[in-house]
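Notes for the one structure printed next.
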Amino acid sequence: MGEIEGTYRVLQTPGSRLGVQKTTGVSTLEPGQNLSTAMASSPAKTHERDLPIKIKMLDNTVEVLDIESKYYGQTLLTEVYKHLNLIESDYFGIEFQNIQSYWIWLEPMKPVIKQVRRPKTTMLRLAVKFFPPDPGQLQEEYTRYLFALQIKRDLAEERLTCSDNTAALLVSHLLQSEIGDFDESEDREHLKTNQYLPNQERIEGKILEFHRKHVGQTPAESDFQVLEIARKLEMYGIRFHLASDREGTKINLAVSHMGVLVFQGNTKINTFNWSKVRKLSFKRKRFLIKLHPEVCGPYQDTLEFLLGSRDECKNFWKICVEYHTFFRLFDQPKPKAKAVFFTRGSSFRYSGRTQKQLVDYIKDSGMKKTPYERRHSKVRASTRASNTDVPKQSVPFTEGLRTPGSPASAAVPFHSVHSSSTPTPVLPIFAETSPSSLDPRAPYTRIPEKNTAAPAEAAGRKLMQQPGSPMLQGVGFGIPVDHPQLSSLMLKSPLGLNPAFQVNLNAAGQGSSPLLSPVLSDAGGARIEEDDEMKRKAYFIAKEILATERTYLKDLEVITVWFRSAVIKENAMPEGLMTLLFSNIDPIYEFHRGFLKEIEQRLSLWEGKTNAHVKGDYQRIGDVMLRNMRTLKEFTSYLQKHDEVLTELEKATKRLKKLETVYKEFELQKVCYLPLNTFLLKPIQRLMHYKLILARLCKHYTAEHRDFADCRNALKEVTEMTSRLQHSLIRLENFQKLTELQHDLIGIDNLTAPGREFIREGCLYKLTKKGLQQRMFFLFSDMLLYTSKGVTGTNQFKIHGHLPLHGMLVEESENEWAVPHCFTIYSAQKTIVVAASTRLEMGKWMEDLNMAIEMAKKSTEKSDMLLENSVCNRSNRSSDEVSLEQESEDDIHSSRSSLDRQSHHRANTTMHVCWYRNTSVSMTDHSVAVENQLSGYLLRKFKNSNGWQKLWVVFTNFCLFFYKTHQDDYPLASLPLLGYAVSSPVEADGIQKDYVFKLQFKSHVYFFRAESKYTFER
């Protein structure tokens, strides 16, 4: 069979469970080396002859770089990045075609001449190497511009396949970026001379129709829209590698941020997420993926694919290694120890910064964003003017990578050659421009910062350094050259703007993705004036709507996509129930998909770099809410049927064994992070959220504010809906809780009996012959149940006793039994003594018990007959005696098992958390929790760790669920919050950041950093 030639163990990502140690991967560098010293340690060179290397940039210009013959790949990359003054350089790479004519990436740790066979005649090209799932993760506008050029290239090369409508929309945004607002004759002329798509004449009408709608949109906004549209396409960032499976079927392999992908034609048929992959390796032409046993079971844990040649196989393996390291690891890989005698297999490892290191570097360096020139833009070209005095950016990772004897960086000669296929770009012409201010050979270099700054510039820098203040964006970001306010000023300064105007320009601000903020993304967050508190708070309230809407849509997908797929696959659900369930929830899901897109677009415009008079139209959310709340009223009839849906689903689950099995197995899947029927309540609960958020907006605005009337009318609409559905929601939440408990309790068949209401669940210690024994108590409107955790392997609770509330009496008895926080429960059947963990807990139980007893007195129904029929396996002896005799040592030990123990049943439901944290939760607490659901990005830090990790966090059901991004289908980990105390950090914690809160339970301590004061207070 042959030896494994290359292997890469896919290490578990930090954050996959709380408290896990960081994994940093492996590198081929010697211990103590970095890339700088590695380059320096290569043999000295003496007067090596220069090689002219031609590199095609993303705008199709060709640069010629004279390098020494033994230059390493990293040095060439560094020179290109310096020439472009590219800060977020690690997303990019240089690629070239080998003899077999497929594209491969230039490796940083090898000499160029050992990789490129004919360096003098080969055309290398700059390209995007790593495609992040969310363009909002790109901090710099310039980086997003280059990404948009990559999308343009992929469209032209037919790599990014999509529908005609999508292609036309993408090209229309590219047109807006390059030639400005719609002008039919100019558009048609431009499309004749520029080929964006093969056969673009066929959809030219659609392109023009879309372009007509983009009036007023700046190039930066157009770039963002291009990336937003592209990232949702299945072929976004995909590079095919031809292969075949074991049966010989022709397939395409690809790699992305999420893992290894398998395509048949252009259709994705499988995804092997990094979390499922244990090891990647290759043997000659065979590419091997070893999966974790829990993913595939004990059989066939290794998948095999056959590629065209050994070189192709190794090339794909290398790309997989790099993608995994870049997106999944926190830190630069550690050096790999060299073998003493011999080595076996490839030693290749990724040698650059990870995405997290890159984001942290941009954020911590506090680089001032400077303007740049868009080579293709005619009307709205940003004045990122070039200068022969190019500043040296502080980029420690790539500094000093030059091999000994090579010329200084500033002396490396670059020659700019325009590609013959591309017309010479039209550059903006400024009156009275000094000759040195614009250099056509260096279109992407940044404006140098002078040591002697004008007072206004100094004031601008001071403003930039204040926390939460807008970053100084520099010259002309997104402002049309022919803008009346700008044109007069452009005549007075060599750079087009005088210093005073640069400071005033801050008001327009610079924004990135709708969910990046000044804290989470210091270099590219929302830039909102600090003194404009009203606008600032309204923005964060609108952002909360967006964040929670994203989570809500994912929750709906649990039913509409994932559960539907499970029941169809097993043919487990009757046709009538399928129709009832999905005909009610599908229309709601489709409505909210459109609503979410509208909110995303509004927030991106709110944060964008439009002109002040245009931007004002977008810095509000009331009009969007009013329009959609009126539409949502039409769906009230669907919401009113949710009661019937829940009831029928529960009945069918009891009646049909196959459906019950599918239901239970689905609840164990990661995507079903809450009890399944909880997701069916989300549509009505979401209305309550809208009501609360709109009420907050109305309270925040003054009556004269332009957004106040729309917000008030939207609140009126949603209040009308919630008042009609309020009683239905209370009933549904109670029914959902009863059915959840029915699944988790052994020994009761009819917990969902009519008229029964859930009141409280929690842990108490019951006094028995063996002393105090931990028991889980459940209080209902007609009875009190107590249970213990059994040894069934299902994590369910076994009922030990039941007490009817009719005739019950409760009194404090701490002095009588000499047990802290102790009280006695007298019932008609028996008397029990229980103790709570704290006096506060005891007070809650006694208050709820006394209230429930009063309710039971007034009730005309007798619960005894109900209990006779519902509680199973009763004997003539007291239930407590039965439980004591049958309880084994294993039972006792199992009840102390970890909350995270793997089992065949959910272990993070409220009852399990109460059991392990010695606390309790009431139905009132559940209702309050529903009102306070939140989503958004937070920075998390463990007590003893140094760095902060950015995570998408969902707060619901007394629990924090952690995701890498908002697009993930299931959480990486969760943190149940019952029992935790929330506070601000003390001096001893050593936290020197704003908006940080501390969560602590015993010795477990977590710090979370919010993006704003508003989010922190929420």
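The values are calculated or read from the model by the stated rules, or taken from the named source; none is laboratory data. All values reported here derive from a predicted model rather than from experimental measurement. No Cβ is skipped: glycine too gets one built from the backbone with ideal geometry, and neighbour counts run over all protein chains shown. In case anyone asks, the SASA skips ligands and DNA or RNA and just uses the protein heavy atoms, side chains included. Shrake-Rupley method; radii C 1.70, N 1.55, O 1.52, S 1.80 Å.
Of the residues making up region 193-205, those that are closer than 17 Å to Lys152 by Cα, of a type outside the set (Val, Ile, Thr) and touching a helix residue (DSSP H, G or I) at 6+ places or on another chain (Cβ under 9 Å) are Asn194, Gln195, Tyr196, Leu197, Pro198, Gln200, Glu201, Glu204.
Working carefully through the options His727, His642, find the one that is touching a residue at least 40 places away in the same chain (Cβ under 8 Å) and either at negative phi or open to solvent by 30 Å² or more (accessible area, probe 1.4 Å) (or both).
The unique qualifying residue is His642.
Test His705 against the stated conditions and say whether it is in a loop (DSSP other than H, G, I, E, B), touching a helix residue (DSSP H, G or I) at 6+ places or on another chain (Cβ under 8 Å) and open to solvent by 10 Å² or more (accessible area, probe 1.4 Å). Spell out the reasoning first.
Values: in a loop (DSSP other than H, G, I, E, B): yes; touching a helix residue (DSSP H, G or I) at 6+ places or on another chain (Cβ under 8 Å): yes; open to solvent by 10 Å² or more (accessible area, probe 1.4 Å): yes.
Judged against the criteria, His705 is a match.
In region 154-171, is there at least one residue being touching a Ser or Thr at 6+ places or on another chain (Cβ under 8 Å), among the charged types (D, E, K, R), buried (at least 17 other Cβ atoms within 10 Å of the Cβ) and in a helix (DSSP H, G or I)?
no
Among residues of region 125-140 that are more than 19 Å from Thr325 (Cβ to Cβ), those with a Cβ under 7 angstrom from a residue that is part of a helix (DSSP H, G or I) and of a type in the set (Asp, Glu), sequence gap 6+ or separate chain, pair up as Pro135/Glu228. Annotation for region 257-274: at least one member residue is at pLDDT below 90 and in contact with a His (Cβ under 7 Å, 6 or more places away or on another chain). Selection of first residues in region 931-947 that are more than 22 Å from Asp134 (Cα to Cα) and of second residues that are open to solvent by 30 Å² or more (accessible area, probe 1.4 Å), restricted to Cβ pairs under 7 Å at least 6 apart or on distinct chains, gives the following pairs, ordered by first then second residue: Glu931/Leu692; Gln933/Phe955; Lys941/Trp948; Phe942/Gly19.
Looking only at residues in region 1005-1017 that are charged (D, E, K, R) and surrounded by fewer than 17 Cβ atoms within 10 Å (Cβ to Cβ), which one is nearest to Ala981 (Cα to Cα)? So, considering only residues that are charged (D, E, K, R) and surrounded by fewer than 17 Cβ atoms within 10 Å (Cβ to Cβ), the one nearest to Ala981 (Cα to Cα) is Glu1017.
Conditions (1) closer than 20 Å to Gln1000 by Cα; (2) open to solvent by 20 Å² or more (accessible area, probe 1.4 Å); (3) in a strand (DSSP E or B), marked per residue:
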{"position": "Ser927", "(1), (2), (3)": "no, yes, no"}
{"position": "Leu939", "(1), (2), (3)": "yes, no, yes"}
{"position": "Asn944", "(1), (2), (3)": "yes, yes, no"}
{"position": "Gly947", "(1), (2), (3)": "yes, yes, no"}
{"position": "Lys950", "(1), (2), (3)": "yes, yes, yes"}
{"position": "Phe955", "(1), (2), (3)": "yes, yes, yes"}
{"position": "Gln967", "(1), (2), (3)": "no, yes, no"}
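Cβ-Cβ distances below 7 Å connect the following pairs, each with a first residue in region 579-603 that is more than 29 Å from Phe224 (Cα to Cα), a second residue that is basic (Lys, Arg) and in a helix (DSSP H, G or I), and a separation of six or more residues or different chains: Phe582/Arg564.
If the condition is being closer than 22 Å to Ala753 by Cα, within 31 Å of the chain's Cα centre (by Cα) and buried (at least 21 other Cβ atoms within 10 Å of the Cβ), then region 648-674 contributes only Tyr663.
Residue count for region 826-849, restricted to those that are more than 22 Å from Asn918 (Cβ to Cβ) and open to solvent by 30 Å² or more (accessible area, probe 1.4 Å): 5. Filtered by the rule that a residue be surrounded by 20 or more Cβ atoms within 10 Å (Cβ to Cβ) and at pLDDT 65 or above, region 524-539 gives Ala538, Tyr539. The one condition from (1) open to solvent by less than 60 Å² (accessible area, probe 1.4 Å); (2) of a type in the set (D, E, K, R); (3) within 22 Å of Val921 (Cα to Cα) that Lys1002 does not meet is (1). Looking across region 314-353 at every residue that is among the aliphatic types (A, V, I, L, M) and at pLDDT 70 or above, the one that is farthest from Ser275 (Cα to Cα) is identified as Ile319.
Among the residues of region 796-825, those identified as open to solvent by 20 Å² or more (accessible area, probe 1.4 Å), among the hydrophobic types (A, V, I, L, M, F, W, C) and more than 26 Å from Glu740 (Cα to Cα) are Leu809, Trp817, Ala818, Val819.
Residues of region 99-142 that are among the β-branched types (Val, Ile, Thr), in contact with a Pro (Cβ under 9 Å, 6 or more places away or on another chain) and closer than 19 Å to Lys82 by Cα: Val112 alone. Under the condition of being farther than 19 Å from Gly843 by Cα, touching a residue at least 40 places away in the same chain (Cβ under 8 Å) and outside any loop (DSSP other than H, G, I, E, B), the residues counted in region 784-832 number 10. When Gly979 is tested against the conditions (1) within 23 Å of Leu546 (Cβ to Cβ); (2) in contact (Cβ under 8 Å) with a residue 60 or more places away in the chain, the lone failure is (1).
Yes/no per residue for (1) open to solvent by 10 Å² or more (accessible area, probe 1.4 Å); (2) of a type outside the set (S, T, N, Q):
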site: Ser723; (1), (2): yes, no
site: Arg731; (1), (2): yes, yes
site: Thr739; (1), (2): no, no
site: Gln742; (1), (2): yes, no
site: Glu761; (1), (2): no, yes
site: Lys769; (1), (2): yes, yes
site: Gln774; (1), (2): yes, no
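State whether one or more residues within region 991-1003 are of a type in the set (D, E, K, R) and part of a strand (DSSP E or B). Yes, that holds for at least one residue.
Taking every residue in region 256-267 that is farther than 28 Å from Gln355 by Cα and pairing it with any residue that is exposed (fewer than 13 other Cβ atoms within 10 Å of the Cβ) and hydroxyl-bearing (Ser, Thr, Tyr), at least 6 positions away or on another chain, the pairs with Cβ-Cβ distances below 9 Å are Gln264/Thr249. Looking across region 201-237 at every residue that is under 15 Å from Phe147 (Cβ atoms) and of a type in the set (Val, Ile, Thr), the one that is surrounded by the fewest Cβ atoms within 10 Å (Cβ to Cβ) is identified as Ile229.
The set of residues from region 628-656 being more than 29 Å from Lys691 (Cα to Cα) and β-branched (Val, Ile, Thr) comprises just one member, Thr653. Taking the conditions exactly as written (buried (at least 18 other Cβ atoms within 10 Å of the Cβ), of a type outside the set (Phe, Trp, Tyr) and either under 33 Å from the mean Cα position of the chain (by Cα) or under 30 Å from Met258 (Cα atoms) (or both)), does Gln139 satisfy them or not? Judged against the criteria, Gln139 is a match. Glu717 satisfies every condition listed in (1) open to solvent by less than 40 Å² (accessible area, probe 1.4 Å); (2) in a loop (DSSP other than H, G, I, E, B); (3) over 28 Å from Thr824 (Cα atoms) except (2).
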